[in-house]
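Visitor: First, the structure itself, so that you have it in front of you.
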Amino acid sequence: MCVVLIRHGETEHNAKDSITGQLDVSLNKYGVEQAEKAANRLEKYSFDAAYSSDLERTYETTKIIAERHGLEPQRYKEFRERGFGEHEGRPKDDWRKVVREHDGDRHFLKPDGGESLREVGERFVGKLDELREKHGEDETILVGGHSVALKATLMEILNLSGEGYNKLSQDNTGLTEIKHSEKRGWKLVRMNDTAHLE
């Protein structure tokens with residue numbers, strides 16, 4: 001099974017460098033434009049199904065793309081962004097300070113009322129594995145997600161430690177592609193492709 005993962009388009013929280021987490025916000029005007037450009041880029045693909053986080057910004061992005069293929073995205077909370085608990089809505093620098101002061105593996109660092117990277121990766125990959133039971137190896141699906149959740153997913157399938165997090169990027173409407181086969185398991189094909197925005 002081939003999975004094309006896409007992060008949602010820009011929101012006002014992104015523009016202000018704030019942590020959104022599981023707060024439900026919509027795309028801004030530029031975010032809609034980014035989604036349209038991604039849809040143009042993906043028109044050549046043949047998607048068998050489309051899935052999305054249940055949060056509005058990702059559903060909007062995925063729907064813009066899926067409609068070109070005659071599909072309606074199915075929403076799943078397992079594809080949500082990481083829960084940042086008390087840090088949601090606050091400047092990202094506040095959380096970066098917490099991470100800098102943490103002396104353990106950031107994979108297990110958990111904000112008060114939120115989730116660790118490990119927990120996010122496990123829930124996201126767990127849902128992908130469920131969908132794998134539904135779709136054949138020759139099928140291609142579109143999955144809309146979020147920056148941290150998508151990076152946590154890659155950490156999970158590539159067996160990366162928390163140190164690997166800063167080596168991964170996932171920009172607004174960045175395309176990441178992974179494939180699964182019974183013989184080789186999950187494999188990364190491309191990551192954070194934003195050529196459609198150039």
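Laboratory data are not the source of any read-out in this text; all were calculated from the coordinates shown. Fair warning: this is a prediction, and the values are worked out from it, not measured in the lab. Using ideal geometry, Cβ is built from the backbone for each residue, glycine included, and neighbour counts are taken over all protein chains shown.
Visitor: Name the helices (complete DSSP H segments) of the chain with a Cα length along the long axis of 27 Å or more and a Kyte-Doolittle mean of at least 1.0, or state none.
Guide: Span-like helices, by this rule, are absent here.
Visitor: Assigning unit charges at the beta carbon (Lys, Arg +1; Asp, Glu -1) and nothing else, what dipole magnitude in debye, to the nearest 20, does the chain show about its Cα centre?
Guide: Roughly 360 debye for the chain.
Visitor: Over all alpha-carbon pairs of segment 2-197, lay out the pair-distance distribution in 10 Å bins, whole %, shortest bin first.
Guide: 9, 39, 37, 14, 1
Visitor: Under the rule of at least 5 residues apart or a separate chain, name every residue whose amide H is placed under 5 Å from the amide H of ILE19.
Guide: Amide H to amide H, under 5 Å and 5 or more residues apart or across chains, ILE19 pairs with GLY89, ARG90, LYS92.
Visitor: Quick one: net charge of ARG123's neighbours, Cβ under 12 Å, K/R +1, D/E -1?
Guide: So the environment of ARG123 carries a net charge of -3.
Visitor: Would you work out the relative contact order for the chain, in percent, from Cα pairs under 8 angstrom that are 6 or more residues apart?
Guide: 31
Visitor: Which order do the peptides 150-158, 13-21, 101-109 take when ranked by the mean count of other beta-carbon atoms within 10 Å per residue, highest first?
Guide: Answer by packing, highest mean first, reads 150-158, 13-21, 101-109.
Visitor: On to the next question. Using helices alone, I'd like the mean residue ellipticity at 222 nm for the chain: each DSSP H run of four-plus residues gives -39500 (n - 2.57), total over residue count, nearest 500.
Guide: For the chain, the value works out to -10500 deg cm²/dmol.
Visitor: Pull out the extension gain between GLU177 and ASP48, defined as 0.36 nm times the separation in residues minus the alpha carbon to alpha carbon distance; nm, one decimal.
Guide: Between GLU177 and ASP48, full extension yields 44.9 nm more.
Visitor: Let me ask another. Report the calculated FRET efficiency for GLU86 and ARG190 (r = Cβ-Cβ distance, R0 = 30 Å), to the nearest 0.05.
Guide: So the FRET efficiency works out to roughly 0.30.
Visitor: I've got another one for you. Run through segment 67-100 and list the GluC sites (Glu not before Pro) located in a DSSP loop whose Cβ has at most 11 other Cβ atoms within 10 Å.
Guide: none
Visitor: So in the chain, what percent of DSSP beta bridges are antiparallel if you round to the nearest 5?
Guide: Antiparallel bridges make up about 50 percent of those DSSP assigns within the chain.
Visitor: Quick one: if you stick a label point 7 Å off each Cα along the C-beta vector at ARG68 and ASP129, how many nm between them?
Guide: In this crude spin-label approximation the distance works out to 3.3 nm.
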